[in-house]
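Here is the structure we will look at.
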Amino acid sequence: MGMIVDLLSLMFGNGRNGLRETVEVFRENSEAGAQRGAQMRTEALTQLGAEFARPSPGLFDRVMDAVNRLPRPALALGTLGLFVAAMVDPLWFAARMQGLTLVPEPLWWLLGVIVSFYFGARYQVKHQSFQREIATTLTRIPQVMDNLAALGRMRGEAPGAADTRGDAQLALSSTRSEPNPALAEWRAKRG
């Protein structure tokens, strides 16, 4: 008997599972791997959320954001205004367009660069804001998944939903048969 105990303790270890530890050398423990993966994703999302966190903007920031929003609507409305001016007073419009033909080409290039930089920078700011919003949304995923799991457990289709949990009265009432008028009528017709 002592030899069998020694052989089993050699195989399974003293208080440890030597067979499991040996297998884990060749194959990852799936449960431990899933826990490490979940922890890594949670930490990565927390770090991403911290990178994009910023305090609420002050008065100056809100004013500057408002000023930054003016050029695009001004350009769009100005262009529409030019179309209206061309229809209302074609001679006035033609005189203004003749003035534009006198603008030297390097000035047109400079205007193009300024507009490109403005809209490019604005795009960059909006893109970073969008990334911040995505990071904030992603940090809510574990809470949403927990809420969905809780809602799933509340459904009647979940396994064990009809379990009486040892309540004798509930078990008896669930097995008591109710009269079925359709079945009674069917039996009457047959017999």
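Structural remarks
- Of all residues in the range 54-85, those satisfying the criterion of being of a type in the set (K, R) and either touching a Phe, Trp or Tyr at 6+ places or on another chain (Cβ under 7 Å) or farther than 24 Å from S116 by Cβ (or both) are R54, R62.
- Selected residue (criterion: farthest from G49 (Cα to Cα)) from residues of the range 106-156 that are of a type in the set (K, R) and in contact (Cβ under 8 Å) with a residue 12 or more places away in the chain: R122
- You will find that of R54, R20, the residue that is charged (D, E, K, R), assigned to a loop (DSSP other than H, G, I, E, B) and either in contact (Cβ under 8 Å) with a residue 12 or more places away in the chain or surrounded by 11 or more Cβ atoms within 10 Å (Cβ to Cβ) (or both) is R54 and no other.
For every residue, the table says whether it meets (1) in a helix (DSSP H, G or I); (2) modelled with pLDDT under 75; (3) within 30 Å of T46 (Cα to Cα).
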| residue | (1), (2), (3) |
| --- | --- |
| L111 | yes, no, no |
| K126 | yes, no, yes |
| F130 | yes, no, yes |
| V144 | yes, no, yes |
| L151 | yes, no, yes |
| T164 | no, yes, no |
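- Selection status of S116, exposed (fewer than 11 other Cβ atoms within 10 Å of the Cβ) and in a helix (DSSP H, G or I): yes
- Scanning the range 89-106 for residues that are in a helix (DSSP H, G or I) and either of a type in the set (S, T, Y) or exposed (fewer than 10 other Cβ atoms within 10 Å of the Cβ) (or both) returns L91, Q98, G99, L100, E105, P106.
- Which listed residue, of L7, L48, is surrounded by 10 or more Cβ atoms within 10 Å (Cβ to Cβ) and out of contact with any helix residue (DSSP H, G or I) (no Cβ under 6 Å at 6 or more places or on another chain): L7
- Test: residue in the range 129-146 that is surrounded by 10 or more Cβ atoms within 10 Å (Cβ to Cβ), under 20 Å from V67 (Cα atoms) and basic (K, R): no
- Annotation for the range 86-94: at least one member residue is without any contact (Cβ under 8 Å) to a residue 40 or more places away in the chain and in contact with a Phe, Trp or Tyr (Cβ under 7 Å, 6 or more places away or on another chain).
- Residues that are in contact with a helix residue (DSSP H, G or I) (Cβ under 8 Å, 6 or more places away or on another chain) and not polar (S, T, N, Q), drawn from the range 126-137: R132, A135
The values are calculated or read from the model by the stated rules, or taken from the named source; none is laboratory data. Bear in mind the structure is a predicted one, so any value in this text is a computation, not a measurement. Positions of Cβ are backbone-derived with ideal geometry, glycine not excepted, and every protein chain shown enters the neighbour counts.
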